[in-house]
Protein chains: 2
Amino acid sequence: MKRVSANPVFRALADPTRRSLFEELTRQGEQTVHALTRYAGVSQPAVSKHLTVLKRAKLVRHRREGRETHYRAQPEALAPLVDWLEHYGAFWRDRFDRLEALLERMDP
Amino acid sequence: MKRVSANPVFRALADPTRRSLFEELTRQGEQTVHALTRYAGVSQPAVSKHLTVLKRAKLVRHRREGRETHYRAQPEALAPLVDWLEHYGAFWRDRFDRLEALLERMDP
DNA sequence: ACAAACCATAACCAAATGGTTATTGTTTGT
DNA sequence: ACAAACAATAACCATTTGGTTATGGTTTGT
């Protein structure tokens, strides 16, 4: 598995509006910019810019369909965050270690 | 366990210098501001300000000892981040669920 | 007693950030 | 054909952010 810097992911998720958009896409699935704009409570350009940031962090993908653009969450992009937690979240380390060992033995 | 907003934690970890300080404290244990300043490669006031931000997110604790202040990581404060991943990192959810179930059965 | 060490705070600054309105390019419906 | 809908970009603005140097308050070593 390719290792990606955690930095863009942390930066992208640091903003509440952006995190809210990602959460909404995770909960409700794919949505247009229009729908997301209604949801987010900020202007459409603001939403577009936030989506661009999320896109650079690979947290969302987009799909053009006619005049509308559909965005969907790509939660695999959270992997760097999980990796980071494994390395520096000492409190969780034992948990993760045990987990990985177990999962290893479970699915070969 | 008290539930804290994930926002200060995300904000605090969004900056590379701050994340680096937290990582250093996690790896090497408790350290003075002086030592951290040598490590971070920025001025001492910059380090102090970063530590203040980390402190507000509960990611570090400090202990005055004479004229020096010792800081140490408090990785339990990463809990909101883990919680958030559990809720919105759909990709990881199964993993977490299986983990928890397994750990449950392991240590009673 | 006093100079030096340690750290926090103040004052300041340039750059980044998150928002806005205006505009433009497509696509769609009539 | 054309007006309206959708989304991205541009231009702009206020605030926040991350850094600096300067200063002040304790504590320590001599």
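The values are calculated or read from the model by the stated rules, or taken from the named source; none is laboratory data. All figures in this text were calculated on a predicted structure; none of them were measured in a lab. For neighbour counting, all protein chains shown are included, and Cβ atoms are generated from backbone atoms with ideal geometry for every residue, glycine included.
Taking the criterion of being closer than 17 Å to A:His87 by Cβ and more than 16 Å from DNA strand D (Cβ to nearest atom), the residues of the range B:57-87 that qualify are B:Ala73, B:Gln74, B:Pro75, B:Glu76, B:Ala77, B:Leu78, B:Ala79, B:Leu81, B:Val82, B:Leu85. Residues considered: A:Ala46, A:Ala77, A:Ala12. Of these, the only one that is within 12 Å of the chain's Cα centre (by Cα) and either within 13 Å of DNA strand C (Cβ to nearest atom) or not in a helix (DSSP H, G or I) (or both) is A:Ala12.
Might you check whether a residue that is in contact with a His (Cβ under 7 Å, 6 or more places away or on another chain) and surrounded by 13 or more Cβ atoms within 10 Å (Cβ to Cβ) occurs anywhere in the range A:32-49?
At the first step, the residues of the range A:32-49 found to be in contact with a His (Cβ under 7 Å, 6 or more places away or on another chain) are A:32.
Filter once more, keeping what is surrounded by 13 or more Cβ atoms within 10 Å (Cβ to Cβ): A:32.
There is at least one residue in the range A:32-49 that is in contact with a His (Cβ under 7 Å, 6 or more places away or on another chain) and surrounded by 13 or more Cβ atoms within 10 Å (Cβ to Cβ).
Going through A:Leu21, A:Leu54, A:Leu78 one at a time, which residue ends up being touching a Lys or Arg at 6+ places or on another chain (Cβ under 8 Å) and not polar (S, T, N, Q)?
Sole residue among the options that is touching a Lys or Arg at 6+ places or on another chain (Cβ under 8 Å) and not polar (S, T, N, Q): A:Leu54.
A search for C-beta distances below 8 Å between a residue of the range A:45-65 that is within 12 Å of A:Glu30 (Cα to Cα) and any residue that is more than 8 Å from DNA strand D (Cβ to nearest atom) and polar (S, T, N, Q), counting only pairs 6+ apart in sequence or on different chains, returns A:Val60/A:Gln74; A:Arg61/A:Gln74.
Note on the range A:23-44: among residues that are over 23 Å from A:Ala6 (Cβ atoms) and in contact (Cβ under 8 Å) with a residue 24 or more places away in the chain, the one that is farthest from DNA strand D (Cβ to nearest atom) is A:Gly29.
For the range A:67-76, indicate whether the set of residues that are more than 10 Å from chain B (Cβ to nearest Cβ), modelled with pLDDT under 95 and at negative phi is non-empty. Checking the range A:67-76: not a single residue is more than 10 Å from chain B (Cβ to nearest Cβ), modelled with pLDDT under 95 and at negative phi. Per the conditions (1) of a type in the set (D, E, K, R); (2) over 30 Å from B:Ser20 (Cα atoms); (3) not in a helix (DSSP H, G or I), the sole criterion not satisfied by A:Arg61 is (2).
Test of understanding: among A:Arg18, A:Arg61, which residue is modelled with pLDDT of 95 or more, touching a His at 6+ places or on another chain (Cβ under 6 Å) and within 14 Å of chain B (Cβ to nearest Cβ)? Walk me through it before giving the result.
On the way: A:Arg61 fails: touching a His at 6+ places or on another chain (Cβ under 6 Å).
Being modelled with pLDDT of 95 or more, touching a His at 6+ places or on another chain (Cβ under 6 Å) and within 14 Å of chain B (Cβ to nearest Cβ) holds for just one of A:Arg18, A:Arg61, which is A:Arg18.
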